[in-house]
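For reference, the structure discussed in these notes is given below.
The values are calculated or read from the model by the stated rules, or taken from the named source; none is laboratory data. None of the values given here were measured: they were computed from a predicted structure. In this analysis, Cβ positions are derived from the backbone assuming ideal geometry, glycine residues included, and neighbour counts consider all displayed protein chains. Just the protein is used for accessible areas: all its heavy atoms, side chains included, with ligands, DNA and RNA removed. Shrake-Rupley method; radii C 1.70, N 1.55, O 1.52, S 1.80 Å.
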Amino acid sequence: MVPTSYYLVLSAILFGLGVLAFVFKRNIITIFMSIELMLNAVNLAFVAFSQALHKSDGEVFVLFVIVVAAAEAAVGLGIIILTARNRRSLNVERVDLLKL
Amino acid sequence: MSFVLFMFFVLAGLAVFGAVALILQSHPIHSALSLILVMLSLAGLYLLMGAEFVAAVQIIVYGGAVMVLFVFVIMLLNAGEEERTNFSKLASFAGVPLALALAGVIAVAIARGSGHLASATSGELTSTKELSKLLFSEFVYPFELTSFLILVAIIGAIVLAQRERS
Amino acid sequence: MPILEYLWIIPLLPLLGSAINGLFGSTWSKGAVNAVALGSTGLSFLCAIEAVREFLDYYAQNHQPYVKQFFDWIVAGKFRAGFDLQLDHLTVVMLLVVTGVGFLIHIYSTGYMAHEGGYYRFFSYLNLFMFFMLILVLAANFVLLFVGWEGVGLCSYLLIGFYFLRKSASDAGKKAFIVNRIGDFGFMLGMFLLFRTFGSLDFQTVFAQAAKWQPEAMGQFGTITIACLLLFVGATGKSAQIPLYVWLPDAMEGPTPVSALIHAATMVTAGVYVVARSHVLFTHAPTAMYVVAIIGCATAFFAATIGLVQSDIKKVLAYSTVSQLGYMFLGCGVGAFSAGIFHLMTHAFFKALLFLSAGSVIHAMGGEQDMWHMGGLSKKIKITFLCMLTGTVAIAGIPPLAGFFSKDAILFGAFTQSDPAGKVLYGVGLVAAIFTSFYMFRLIYLTFFTSQRYDEHHVHVHESPLNMTVPLMILAVLSIVGGWVAAPAFWGGTDHFTEFLSPVFGAPVEVAGEAGHSLELILSGVAVLAAIVGWVVAWRMYRPQIERRTSTGLHKILYNKYYVDELYLGAIVRPLVWLSTNIFWKVVDAGMIDGTVNGVAHGAQAVGDTVRHTQSGNTRSYAVWVIVGAIVVFAIVFWPVLHPALFGGLR
């Protein structure tokens, strides 16, 4: 049997890798994907807890997370399309109009 | 080592491999494919834990809809290889340490705090029936809200991606 | 008892006159201003007379001073300082002198100031002074007295600096105020000590309690002694004694009526009044009395020596005032309080007379004040000359004029002290009397008798108008008869004055019978002899064809007032100014206070400048900050779990 903590540590590793990707990648779409990766890591943790505690609430919550992530991806990609058309670049560092 | 443990390590390794590939690849389409790999391996892990419904939803929604959406947008925008700009000094210096710190903090918290939890792969399957009962009784309100949320997202996406009316 | 019920009317009338003249007088004619000023002072004088009459009736029935509390001014816990006025025999003397002589000087001023600018302002200030002085003498507690004390100091400043466009005048005003302030600090400390000891500052309460105390021993610096010494510090400031006399000669920058009223007859006597009023405290503190007597005597001598060689007519009179005030303090210091007050009264008469006459001379000479540019005026301004001569004879102490009786009483009091030091004080006082006579007659000879030292074509000498000469004549009469109320026994009169003041100071101390009688005779004779010696020496030295010589040696030191002003400047003023400029201004104010305020602003700016860099506009940097926040939040939430981990290693 696999101890719960293994799943949780995996979740933490995936989350950390998601953070790394979020910080180091310059393409806006890739950054979005790193967000999805982080959400997936969280989902894994939810399911692991749900199984460990023998309650299904965690899995229900996973469903919600997936739904929200999907909605967010849709809208976010819409925004990305607009920004890309405007700035003619997908490099997030080129969008620096807020610079003081 | 039991079969379950072995499968766990395989799937976990695949997931980590996919995540690392996501970081190291320069073309976004390769990153997208790596992410699909991660999701599939996560689905496998869910199955391993007995959460079959979640696994199915993961593949269908995440793998089949969200990632397809990503791939389509990459195609639409003609995304090429990433530019190697490096304007943010802060990110170059503090990025790795901070990410490691975050992961470390979480890991330590988990390691310390989860000793009392039972094993996650107990072999029990989560009954879908039970899940749906929960969904439509205790969680009916969030459920209805999510349908609304999706509607809003659809409208938003359509409005945002419209061509300018000339 | 109509007036006594409304005792406040006496100070209020001049206050109203001051306010009306001050607010509206600038557009009025001289006549209108005069009417208000003279009317208020004159009415105040009449009310004072009526109040005195009523008080004497009251006293005959009740044998107590009349005290009336009008309203509570300060009430703080158990402390109460009210607007309380009191009338007793001492107040009667002061009240009549202030209102009477004040009224005469007001009349004189209408003539003297007729050609000056700021006419209404002068009378406004003068009336304001009368108000404060009356508050001072009528007060029934130290606090109200101090109000009057400060107020007369203020009016002195305003009036000395009346010709404010002249730098020397405004400097003199400032000097007077600041030096007075130093004395006032001592006075306040004295008041605080009295309050702490007796719990109240009302005269009745304090003196009644103090009377029950054991008198302190000579040389012992007990509470009462220290309080008395502190009050005396204030008195040295206000009454121009050593070491705080330096403002009075400079105060001659003011118009002559001001010098007469404030710096001769009334304000400078406030210090003597306070010492006399607090005689209960002083008699319980022999050390303090000793100090008072010594300083008074020393000042009398010191100032007289400076007056010997001055060339400005008003400066001679100024130093004479300082000297005579010293006599008054000497009288109080040896226990002869009524003699001191008697000299206060006679001095008010003849010093006011002398100053006003000097003013008349200056007016006649078109503004000239240097005696070496006068001479031979006796035939030209007869009335002024006669009045001035009367005043001089009075101050020299030649009987039967007033000065003889009062000065004699003081010197007698000093001589009859049981302490042998009294004889020393007597001796020094006698020498000072010789000097007094000398410099006053020197003034007469230089001004009126010696050869003419001015150009007739430039100076048109003319007698003063009636509104100036009539007050002179009235004061001359008072100088002649004023002393007769206290003629010593051997002259055939009774000492009415001391009797009058006995309810305040206690019964007069009689020196034993026959021996005392003949002692008085001898001492009186010696005093007259001293006056005559001074006169004769002056007569001999200031021959008709006298010429001014250059000042050398001792003469130079005396002429330059022993360089005391320069000493104060170097030893006190310069170091203080240095301290203020370099420490208090540059270090404390500009450096620390401004620095702190500016520093806070700078700090805020610096912090802003630093934090600004987080807003780089770069998404990746923002992402890093998000991660940082996430770590912090996570750590806070999971602290109980993480906590042991940090110390026990990560396993």
Residue that is more than 30 Å from residue A:83 (Cβ to Cβ) and either open to solvent by 20 Å² or more (accessible area, probe 1.4 Å) or of a type in the set (Asp, Glu) (or both), where the choices are A:32, A:64, A:22, A:46: A:46
Inter-residue pairs, beta-carbon under 9 Å, first over 28 Å from residue A:79 (Cβ atoms) and in region B:135-154, second open to solvent by 90 Å² or more (accessible area, probe 1.4 Å), 6+ apart: B:139/A:61
Test: residue C:573 is of a type outside the set (Gly, Ala, Ser) and over 30 Å from residue B:116 (Cα atoms): yes
Residue under evaluation residue C:164, criteria (1) closer than 20 Å to residue C:19 by Cα; (2) over 14 Å from the mean Cα position of the chain (by Cα); (3) surrounded by fewer than 24 Cβ atoms within 10 Å (Cβ to Cβ), criterion not met: (1)
Single residue of C:595, C:553 found to be surrounded by fewer than 10 Cβ atoms within 10 Å (Cβ to Cβ) and of a type outside the set (S, T, N, Q): C:553
Residue in region C:55-70 that is in a strand (DSSP E or B), of a type in the set (Val, Ile, Thr) and either open to solvent by 30 Å² or more (accessible area, probe 1.4 Å) or in contact with a Cys (Cβ under 7 Å, 6 or more places away or on another chain) (or both) present: yes
The listed residue being open to solvent by less than 10 Å² (accessible area, probe 1.4 Å) and touching a His at 6+ places or on another chain (Cβ under 8 Å), out of C:440, C:468: C:468
Test: residue in region A:43-62 that is more than 7 Å from chain B (Cβ to nearest Cβ) and not in a helix (DSSP H, G or I): yes
Check on residue B:90, touching a Phe, Trp or Tyr at 6+ places or on another chain (Cβ under 9 Å) and either within 7 Å of chain A (Cβ to nearest Cβ) or within 23 Å of residue C:618 (Cα to Cα) (or both): yes
Unmet requirement for residue C:335, which otherwise passes all of (1) out of contact with any Cys (no Cβ under 7 Å at 6 or more places or on another chain); (2) part of a helix (DSSP H, G or I); (3) closer than 22 Å to residue C:91 by Cα; (4) of a type outside the set (A, V, I, L, M, F, W, C): (2)
Check on residue B:18, over 19 Å from residue A:68 (Cα atoms), under 16 Å from the mean Cα position of the chain (by Cα), in contact (Cβ under 8 Å) with a residue 12 or more places away in the chain and open to solvent by 10 Å² or more (accessible area, probe 1.4 Å): no
Residue count, region C:369-386 (criterion: open to solvent by 10 Å² or more (accessible area, probe 1.4 Å) and in a helix (DSSP H, G or I)): 6
Considering residues of region C:1-28 that are without any contact (Cβ under 8 Å) to a residue 60 or more places away in the chain and within 17 Å of residue C:136 (Cβ to Cβ) only, the residue most open to solvent (accessible area, probe 1.4 Å): C:9
Meets criteria (outside any loop (DSSP other than H, G, I, E, B) and either open to solvent by 30 Å² or more (accessible area, probe 1.4 Å) or within 7 Å of chain A (Cβ to nearest Cβ) (or both)) for residue B:125: no
Members of region C:29-45 that are part of a helix (DSSP H, G or I) and open to solvent by 70 Å² or more (accessible area, probe 1.4 Å): C:30, C:43
Cross-chain or 6+ apart pairs with Cβ under 8 Å, region C:521-533 first and more than 15 Å from residue C:429 (Cα to Cα), then open to solvent by 10 Å² or more (accessible area, probe 1.4 Å) and among the aromatic types (Phe, Trp, Tyr): C:521/C:490
Residue B:32 open to solvent by less than 20 Å² (accessible area, probe 1.4 Å), at the interface with chain A (Cβ under 7 Å from one of its Cβ atoms), in a loop (DSSP other than H, G, I, E, B) and of a type outside the set (Phe, Trp, Tyr): no
Tabulated pairs, region A:35-56, first of a type outside the set (Lys, Arg), second open to solvent by 50 Å² or more (accessible area, probe 1.4 Å) and at pLDDT 95 or above, C-beta under 7 angstrom, 6+ apart or interchain: none
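Per-residue answers, yes or no, for (1) within 27 Å of residue B:150 (Cβ to Cβ); (2) among the acidic types (Asp, Glu); (3) surrounded by fewer than 20 Cβ atoms within 10 Å (Cβ to Cβ):
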{"site": "B:9", "(1), (2), (3)": "no, no, yes"}
{"site": "B:53", "(1), (2), (3)": "yes, no, no"}
{"site": "B:63", "(1), (2), (3)": "yes, no, yes"}
{"site": "B:66", "(1), (2), (3)": "yes, no, no"}
{"site": "B:84", "(1), (2), (3)": "no, no, yes"}
{"site": "B:100", "(1), (2), (3)": "no, no, yes"}
Matching residues in region B:120-134 - criterion: being in contact (Cβ under 8 Å) with a residue 60 or more places away in the chain and either of a type in the set (A, V, I, L, M) or farther than 14 Å from residue B:51 by Cβ (or both): B:120, B:125, B:131
Filter result for residue C:565 (at pLDDT below 90, open to solvent by 40 Å² or more (accessible area, probe 1.4 Å), in a helix (DSSP H, G or I) and among the acidic types (Asp, Glu)): no
